[in-house]
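What follows is a single structure, written as structure tokens, with notes after it.
The values are calculated or read from the model by the stated rules, or taken from the named source; none is laboratory data. No experiment lies behind these values; they were computed from the predicted model shown. Note that we place each Cβ from the backbone using ideal geometry, even for glycine, and neighbour counts take in every protein chain shown. For accessibility, only protein heavy atoms count, side chains too; no ligands or nucleic acids. Shrake-Rupley method; radii C 1.70, N 1.55, O 1.52, S 1.80 Å.
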Amino acid sequence: AIRKEALGEKHPDTAQSLHNLGFLYYAQGRYDAAIRLYQQALAINKEVLGEKHPDTATFLNNLAGLRWATGDIPQTLALLKQGTDIQEINLAIFLNQIGDENRKQAYINTLTGTTYWTISLHLNSAADNPQAAELALTTILRRKGRVLDALGNTVALLRQRLNPAIQSTFDDLGARRSRLASLSFQGPGQLPPEVFKQELATLNQQIQQLESQLSSQSAEFRAENQPITIGAVQKLLPKDGALVEYIVYEPYDPKINKWGKPRYAAYVLLPNGNIKGVDLGDGAEIDQLIAVWRTTLNTPPGKILPFQKRAEREQKNAGAALEEKIFAPLRPYLKNAQHLLVAPDSQLNLIPFAALPDGAESRYLIQDYQLTFLTSGRDLLKLQNPAPSRSPSLVLGNPDYGAQAPAKGKDAERSADIGKLDWCCSPLPGAQAEVEALRPLLPGANIYTGAEAGVDKLESIKAPPILHLAAHGFFLPDNPPPADPKPGLTGNLQETLKPDLRDNPLLRSGLALTGFNPRENKYGGALTALEATTLDLWGTKLVVLSACQTGVGDVRTGEGVYGLRRAFVLAGAESQVMSLWNVSDQGAQSLMVKYYQKLRQGVGRSEALRRAQLEMLQGEEYPNPYYWAAFTPSGDWSPFQFN
């Protein structure tokens with residue numbers, strides 16, 4: 001009453017009060033009274049704020065929730081579609097024009113509730129309703145991985161319209177990211193801790209300002225966005241393909257206004273436009289199966305010989321249990337598909353789908369399907385307009401880390417995690433042999449090994465068609481510091497740097513190139529994921545990281561993996577081949593040579609990897625999934641012409 005008198009009958013705050021009172025009636029089960037107040041509030045907002053205002057969308061969605069509680073599914077769908085359509089308009093404006101990555105992520109996080117609503121409505125209240133299925137999948141395609149998409153589009157747009165001012169911004173951003181990475185690894189040195197922390201804070205603030213500046217500059221050139229629709233994605237599916245879009249959601253019950261525990265779901269989209277959504281089960285249970293299976297896959301077979309047969313059985317049993325949860329329910333809808341475009345979510349980003357065993361048939365998934373991985377089915381829209389390459393291919397391998405004993409045997413690994421960085425890094429004879437074998441397969445490529453395989457070779461590259469890096473990779477898990485950390489690098493990271501590294505996961509994964517030697521307190525040879533985001537790869541057809549754990553990182557539901565995988569997408573690479581665990585030096589060499597031989601024969605990027613992996617599976621030396629399944633293909637799967 002006070003608001004009506006002081007502000008007027010048609011003020012937004014008056015509408016908010018009406019809406020809030022309606023919510024009270026909703027909670028009391030007085031649905032008719034609640035509907036009347038919601039409709040009054042919505043009418044005021046439409047008149048005063050406009051049909052496309054974010055608050056109008058909120059009121060539409062809340063009215064949809066109320067209609068859902070009454071069991072009126074047609075009205076629920078109509079209102080929820082209106083609300084999410086308005087949210088899409090405002091989301092596109094914000095992501096394309098405003099703010100750094102953190103602000104963009106914060107904005108899209110405000111829409112999580114309605115994303116879960118559309119999925120819950122379909123799977124739990126209207127499973128047989130095709131309109132509900134379409135609304136749920138449309139909302140997923142519009143929102144999953146959208147921040148990564150927006151950041152990448154901004155860089156792509158500015159690379160196409162490069163002028164001295166934009167180039168200066170890129171250079172400044174790259175320099176500050178490199179400085180932040182360098183400081184984060186080296187620690188404060190002679191600087192007082194407070195001065196060191198202040199410099200890190202200043203660099204982070206400057207980086208955010210430059211990211212916002214690039215976003216604003218790109219808005220000047222941005223044309224109308226291509227609408228994100230199921231029809232647009234469907235047209236780009238291979239004729240023998242299917243999109244498998246995984247999503248983690250929290251089920252919502254409108255009658256009690258409560259959220260359930262996270263669950264996995266999957267949506268299958270076929271070239272004929274058919275959509276099928278399936279609830280796959282409890283998220284915690286599936287995550288536990290993923291953790292167990294990854295553990296069994298991660299151990300080199302040569303290190304468990306006394307228990308080899310038992311270990312292999314455990315590996316298959318763990319994989320079969322996971323397959324039963326996340327893939328078996330989809331098989332009935334994939335009968336005619338041979339090429340699966342898989343867009344994982346959450347912990348599914350970290351598993352090798354190729355090695356999922358079908359317990360009933362004693363086969364691996366790779367034997368039945370070609371697999372290509374995407375952040376979202378929306379990726380198909382941006383793959384339509386590839387940029388040209390602008391320089392020769394570049395290969396870096398077996399960097400010089402100092403005089404240390406080489407890794408030996410087929411189980412020697414190209415890796416360094418937080419427990420190993422204090423001894424990193426040994427020479428990699430397999431990587432050297434890999435590079436030599438690639439010379440005749442990549443004529444005209446710039447190839448550097450040993451002392452020449454340094455970060456400086458990457459800083460000025462201009463979209464080589466192929467970028468191949470064979471080196472040690474590292475990923476620093478986000479663990480709490482121990483009570484009594486070891487001296488040296490590990491202690492330094494844990495005590496001084498851990499808070500900053502924890503804040504930015506792109507600082508915790510990277511590649512160790514020439515000059516990186518933590519034992520001698522040398523960190524300048526590291527290419528962190530943060531620095532990799534600034535590389536100019538718009539026009540690069542393929543990035544291959546023949547190293548350990550290059551595909552892992554911090555997993556964030558709905559936004560993929562924060563690590564090297566994300567970094568090279570932001571840098572512009574059309575497709576990538578990366579690893580999910582500590583790969584064998586010699587096994588990786590064998591796989592990579594087979595892979596490039598098939599690429600030279602004109603086989604597509606993901607199918608070439610599949611055929612190389614099948615050869616290893618069917619051979620005598622490397623049949624265990626540990627050797628061949630770690631590498632996964634993502635992005636564009638089509639063949640490409642070698643220079």
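Per residue, the solvent-accessible area of the chain (1.4 Å probe, heavy atoms of protein chains only, all protein chains present) comes to 40 Å². Under 12 Å from a point 7 Å along the Cα-to-Cβ line of residue 232: which residues of the range 129-164 have their amide N that close? Answer for the range 129-164: 141-143. Normalised by the number of residues in the range 12-56, the average gap of Cα pairs under 8 Å and 6 or more apart makes the relative contact order 38 percent. Carbon-plus-sulfur fraction of the accessible area of the chain, 1.4 Å probe, in percent? Its accessible area is 50 percent carbon and sulfur atoms. Across the chain, the mean sequence separation of Cα contacts (distance under 8 Å, 6 or more residues apart), normalised by length, yields a relative contact order of 12 percent. What the phi angles of the range 568-577 give under the Karplus curve with 6.51, -1.76 and 1.60, with θ = phi - 60°, is a coupling list of 6, 5, 4, 6, x, 4, 6, 8, 9, 10 Hz, glycine and proline written as x. Annotation: the antiparallel percentage among DSSP beta bridges lying fully within the chain is about 55. Measure nothing fancy, just the Cα-based angle from helix 54-69's long axis to the longest principal axis of the chain, in degrees from 0 to 90, nearest 10. Approximately 80 degrees, to the nearest 10. Equivalent ellipsoid of the range 1-136: semi-axes from √(5λ) of the C-alpha gyration tensor, largest first, are 25, 23, 12 Å. Taking all protein chains as shown and a probe of 1.4 angstrom, residue 117 keeps an accessible surface of around 30 Å². Mind scanning 104/522; 144/382; 276/325; 104/239; 197/522; 104/541 and naming the pairs with a C-alpha gap bigger than 25 Å? Distance filter (> 25 Å) returns 104/522; 104/239; 104/541. Length, then width, then depth: along the principal axes, the Cα atoms of the range 572-636 run 34, 25, 14 Å.
Could you tell me which of rounded, prolate or oblate describes the chain, using a ≥ b ≥ c as the square roots of the eigenvalues of the alpha-carbon gyration tensor, with rounded for a/c under 1.5 and, failing that, prolate when a/b is larger than b/c and oblate otherwise? Prolate shape, in that a/c is at least 1.5 and a/b is the bigger ratio.
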